[in-house]
Amino acid sequence: MGFAIFNRSVAQCVEFAEKIGLTLLNTEEFQHDGYLNSIALTSGEQIDVVKPFFKGRKYRIVVVADTKAFEYLNFRVINANQIVIYNNKVDDYTSIWEFMPQESENLIISVKVPDAKSGYTRGCVAIITGVDNY
Amino acid sequence: MKDVYQLLILLFFPAILFFGACEPANNASKDAKNIDVADADSDFHEAKKIFYNLPSPPEVSDMLFSESGPVFNEAFLNRVENVDLYESSVKQALNLGIYSTDFSFASIAGQDQIAINYFATSQKLATRLGLSNVLSQDTINWLARNFENKDSLMDIITVVYRRSEAYFNENGEPDLALLMAIGGWTEGMYLATKLAKDLKYNTKIMDQISEQRLSMEIIVQIIESNKNEPNIHKYHEKFTTLNGQYKTFSNLLKEDLKQNKPVSQSTLKEFLKLEELVAILRNDFIN
């Protein structure tokens, strides 16, 4: 894990997502949905993932970055009515959240990269989701 | 089954996975609940980028077909012989999604030989799209190690889908990734609406189909956010019409379910319209 590495390529972010993101997902327990959602972001930037979640299933969401500078990566899960149903701030910026939707609905996983304390920081961020194994 | 995996591995194109040290995770397991985070809202602004994640072929197949039991009809699948019709990358991407769903459906139904044929066909299309470039010996070894002990063809197609999706995005072709997703989802709906008749339009399968209105809404968002991408935006009208029909059908079905009634005639009538619209779209994709 590096600090403030510049010029991340898409391939590097994909590699990071497969290596770290899928390990955190635990594919023995959760079937990956097939999307890596990995991208190089700079301090202060934001990314959203829009995805349907279906009632009766258990989901795991993993949001992770490859730089310590993004240690306090903030993600929220928001429904169509703009109600925040989860904010990882309440769990000390955890990178993993598991839940069972009460109703089927499209949710937004919104990730905000923390502002840099000093200088310009860039790193890979991955947002990975899995559902209880079929 | 082991032979099936060996053959798949020979046919397979890759997932380059790396295993090793990983960061420790804080694991929070909680039920979804509304929480007061008003103070955090000001930290979030307009998104720089939005990823739309439609259910992948294995996911949609699992939801739609895992409870359909022995119902399987090969005639519903896109014929493997059609693969040579697809010369443009657009058609190839759409049909890579379609064949991946057919593969998933056949796997769930326990039709291993048919599944292998569809896997081989997906592989052929993937190669034409340039995906064979990511094939590596490491990947083949990884598959050999991991899949001989896992009786799950679905894992294989999930890896295929993931690598394809990542490859298109890495190579500056996100439109092909979206078309693959749209093709795969549309095939799932086509198969489900066809199977519904064999299942006598029971509420379970109808409800599963209705739930996919969420994916339908996402497809409309994808198309609307790709106004400058003609290969995607050309489907705007057809998917908008389909979305409208989806809403009509879903609302009627919801009423039936609320009253604990079997599927009503008016709901069935709207369902048949939906089936027809899905078939028109799917036939556009495969021809």
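Key figures for this structure:
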| item | result |
| --- | --- |
| Cβ charges +1 (Lys, Arg) and -1 (Asp, Glu), total dipole of segment A:1-124, debye | 180 |
| Square roots of five times the Cα gyration tensor eigenvalues for segment A:10-132, Å | 23, 17, 12 |
| Integer Hz, Karplus 6.51/-1.76/1.60 couplings in order for segment B:228-241, x for Gly and Pro | 8, 10, x, 5, 9, 5, 5, 8, 3, 5, 5, 6, 5, 4 |
| Average partner coverage of A:61-72, which counts Cβ from other chains inside 10 Å | 1 |
| Low-density loop positions, trypsin sites (Lys or Arg not before Pro), segment A:4-104 - DSSP coil, at most 13 other Cβ in 10 Å | A:Lys55 |
| Likely footprinting exposure, A:Leu107, B:Leu96, fewest C-beta neighbours within 10 Å first | A:Leu107, B:Leu96 |
| For A:Leu107, residues with placed amide H under 5 Å, excluding near neighbours | A:Lys51, A:Phe53 |
| Centroid-to-centroid separation of segment B:62-109 and segment B:194-229 [C-alpha atoms, Å] | 16 |
| Global form of segment A:13-84, assessed from the alpha-carbon gyration tensor, a/c cut-off 1.5 | oblate |
| Cut-off under 5 Å, modelled amide H: who pairs with A:Thr121 long-range | A:Ser43 |
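Bear in mind these aren't lab numbers, they're just calculated from the coordinates by the rules spelled out. On a predicted model such as this, the values are computed, not experimentally measured, just so you know. So basically every Cβ, Gly included, is an ideal-geometry build from the backbone, and we count neighbours across all protein chains shown.
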